[in-house]
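What follows is a short report on a single structure.
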């Protein structure tokens, strides 16, 4: 394309093709420049508008991308790819219903194109319509069996529905490559880990870092490979992914200290006040501080410790609470909450910006069988998205508002104190359940049918947290049976507490 443009710099088609090629190489900024040359000469060029929108999307400028796609579709309402691209942008903007509409229009216009079917499958899966999503993926794969992204998504959805064997079959068709695609390896790892096959799952789980997941960074000193303490180096464990992941895997810091290592935890600044309460470690530091460390050190991603120590669900070291609520803060919350009733702290939705924060959520109204028990007090710890449910006029039970908690610089410190002051915690799979477990507080975890690998399969207990009991959804999207069982459990706990 560069040769053609040197000979005839006004060739719009060459600029367009050059931009497409640059986008394929993930060089979105120069691709954008190439598309803009075309649009300067041809402002209504639908292909240029659509491809510019894709580049903007990949540059994290979704609103601008949407405006260009609307221009393209005003010019050509039958442009199937523009409708599909618009659906993908609406997914980024979390406007799911509109996204499904755009994706459906794209499929109506081009029902046999795998690259058109895939965005609708992705959107349908996001809103919990897994069966319809799998049907779209089946159609796409029938036309292009080598469509890796479709095969990966299909495997993920099968596992989310609890069909672990079916998900593995999809992955087995992809894992023949040596080494397999990192996303395939990661999904196969989670399938094996969920089935308690950690010896084969954990080595594959190490490939998550090739996906550059949240929080991962390469520190400028040697990696720790699981060997014995050398007596001179600081072992820096890098917190990664979400806040719940950091809390969960922080349990290995005191373990490694007992094994003779001088351990420091590196994490996002918001997590440091909570983690600083872990006894026995050398200290905590921000990711930036760890990057600039001057003393002799080695490092490892925090979630790699089970692999480096060759652990399995059966050999996880005995649990002891490793986080503590501040005594004065806990007493202040006890006084504020008062002594009356059986106090249940509730968190029912995670971070909506996280990959699965809202898909793991349960509707607050589903808690009605528990709230109906005589003497129960529901205390909501929900902040941000989902908080409005506690204020809904049609909610069939009362929820006690907790007010502003965990101000900047004190993340989870109030939450930990409230959990310590309550009789029980009920949560979806979010950071709050990890906080309760790490504190050793009694808790009930409401799990979706296709839950995360760390909760394993079938069992009602978890080797991670002895104080947490698991309640599993029987049918995706159906909560009533689970919360009826949970109400029976709460009733028994209330009776035992009253008899003590």
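Kindly check whether there is at least one residue in the stretch 105-128 that is at pLDDT below 90, surrounded by 15 or more Cβ atoms within 10 Å (Cβ to Cβ) and part of a helix (DSSP H, G or I). Yes, the conditions are met somewhere in the stretch 105-128.
For the stretch 273-286, the set of residues classified as surrounded by fewer than 20 Cβ atoms within 10 Å (Cβ to Cβ) and in contact with a strand residue (DSSP E or B) (Cβ under 6 Å, 6 or more places away or on another chain) consists of 276, 282, 283, listed by residue number. Of the set (1) part of a helix (DSSP H, G or I); (2) farther than 26 Å from residue 360 by Cα; (3) at pLDDT below 95, all apply to residue 307 but (3).
For the stretch 249-272, state whether one or more residues are without any contact (Cβ under 8 Å) to a residue 24 or more places away in the chain, within 15 Å of residue 309 (Cβ to Cβ), out of contact with any strand residue (DSSP E or B) (no Cβ under 8 Å at 6 or more places or on another chain) and surrounded by fewer than 17 Cβ atoms within 10 Å (Cβ to Cβ).
Taking the stretch 249-272 first, the residues without any contact (Cβ under 8 Å) to a residue 24 or more places away in the chain are 258, 269, 272.
This time we only want the ones that are within 15 Å of residue 309 (Cβ to Cβ), so: 258.
Within this subset, residues satisfying the condition of being out of contact with any strand residue (DSSP E or B) (no Cβ under 8 Å at 6 or more places or on another chain) are 258.
Keeping just the survivors that are surrounded by fewer than 17 Cβ atoms within 10 Å (Cβ to Cβ) gives 258.
Yes, that holds for at least one residue.
Taking the criterion of being modelled with pLDDT of 95 or more, in contact with a helix residue (DSSP H, G or I) (Cβ under 6 Å, 6 or more places away or on another chain) and assigned to a helix (DSSP H, G or I), the residues of the stretch 452-485 that qualify are 483, 484. May I ask you to verify whether residue 441 is without any contact (Cβ under 8 Å) to a residue 60 or more places away in the chain, over 19 Å from the mean Cα position of the chain (by Cα), assigned to a strand (DSSP E or B) and not assigned by TED's automatic domain parsing to the domain that holds residue 196? No, not satisfied. For the stretch 193-213, the condition of being within 18 Å of the chain's Cα centre (by Cα), outside the structural domain of residue 265 (by TED's automatic domain parsing), closer than 28 Å to residue 156 by Cα and assigned to a loop (DSSP other than H, G, I, E, B) holds for at least one residue.
The values are calculated or read from the model by the stated rules, or taken from the named source; none is laboratory data. On a predicted model such as this, the values are computed, not experimentally measured, just so you know. Note: ideal-geometry Cβ built from the backbone for every residue, glycine included; neighbour counts use all protein chains shown.
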